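Here is the structure we will look at, set down as structure tokens.
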Amino acid sequence: MMRLLCTFGAALLLAGCGDGDVQEVRDWMKKVQRETVPQVKPLPEPKEFVPYAYEPGGAVEPFSEAKLLGEMARVAAASPNPLAPNLNRPREVLENYPLDTMRMVGTLQKGGVSYALVQIDASIYQVKTGQRIGQNHGLVTRISDGAIDIREVVQDATGDWVERKATIELAESKETGK
């Protein structure tokens with residue numbers, strides 16, 4: 001029985017090593033390659049280039065600072081930025097100090113209104129929502145127990161007015177560590 005199984009296994013191995021009609025497939029591929037003619041569309045004719053001579057004469061130089069400033073002024077006049085602050089209004093006291101010199105030292109409630117206590121040098125000021133603060137046209141938007149949220153309006157590199165958010169967080173007490 002073992003002899004029969006070995007003979008049958010050897011026959012299967014020899015059958016797997018056969019050509020398996022691979023030569024027939026190779027012959028067909030060579031025939032197709034010989035008979036196939038590629039069809040390539042001709043390229044369109046290139047457009048004729050006509051050079052242009054730049055004559056500056058009295059014209060403004062295209063990369064001059066004067067032209068850039070003039071264009072920026074024209075755009076600013078055509079569409080005023082709604083974020084631009086009112087520079088003619090009287091400034092409030094806390095607008096004279098930068099935000100990084102201010103420390104929030106507490107909060108209090110008076111008449112149903114929340115106030116934050118802000119220390120600048122040795123003075124304490126009461127700040128409420130809607131009040132102006134800081135040197136960058138800051139407006140207090142929210143007062144919580146732990147922070148004052150501020151919306152500042154500043155000019156970017158192109159002169160446009162943009163908003164940015166700032167926060168003054170509650171300063172920790174030295175005695176309590178809170």
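The values are calculated or read from the model by the stated rules, or taken from the named source; none is laboratory data. A quick note: this is a predicted structure, and the numbers were derived from the prediction, not measured. Note that each Cβ is placed from the backbone with ideal geometry, even for glycine, and that neighbours are counted across all protein chains shown.
Here are some residues: Y54, Y97. Which one is aromatic (F, W, Y) and within 30 Å of D121 (Cα to Cα)? Steps first, please.
Values: Y54 fails: within 30 Å of D121 (Cα to Cα).
None of the other options fit; the residue is Y97.
Table: residues versus (1) assigned to a strand (DSSP E or B); (2) in contact with a strand residue (DSSP E or B) (Cβ under 9 Å, 6 or more places away or on another chain); (3) among the charged types (D, E, K, R).
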site	(1), (2), (3)
E71	no, no, yes
R74	no, no, yes
P80	no, no, no
N88	no, no, no
R91	no, yes, yes
V127	yes, yes, no
T141	yes, yes, no
I150	yes, yes, no
A166	yes, yes, no
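Any idea how many residues of segment 118-139 are over 18 Å from N96 (Cβ atoms) and surrounded by 15 or more Cβ atoms within 10 Å (Cβ to Cβ)?
1
Kindly check whether there is at least one residue in segment 99-106 that is surrounded by 14 or more Cβ atoms within 10 Å (Cβ to Cβ), in contact (Cβ under 8 Å) with a residue 24 or more places away in the chain and not in a strand (DSSP E or B).
Taking every residue of segment 99-106 in turn, at least one turns out to be surrounded by 14 or more Cβ atoms within 10 Å (Cβ to Cβ), in contact (Cβ under 8 Å) with a residue 24 or more places away in the chain and not in a strand (DSSP E or B).
For a quick check of your reading of the model, give me the residue pairs whose first member lies in segment 140-161 and is surrounded by 13 or more Cβ atoms within 10 Å (Cβ to Cβ), whose second is in a loop (DSSP other than H, G, I, E, B) and of a type outside the set (S, T, N, Q), with beta-carbon atoms closer than 6 Å and at least 6 apart or on different chains.
Partner pairs satisfying both residue conditions: V153/L83; V153/P85; V153/H137; W161/L83; W161/A84.
Per-residue answers, yes or no, for (1) over 29 Å from V162 (Cα atoms); (2) modelled with pLDDT under 90:
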{"position": "Q39", "(1), (2)": "yes, yes"}
{"position": "Y52", "(1), (2)": "yes, yes"}
{"position": "P56", "(1), (2)": "yes, yes"}
{"position": "P82", "(1), (2)": "no, yes"}
{"position": "L94", "(1), (2)": "no, no"}
{"position": "M102", "(1), (2)": "no, no"}
{"position": "T107", "(1), (2)": "yes, no"}
{"position": "T129", "(1), (2)": "no, no"}
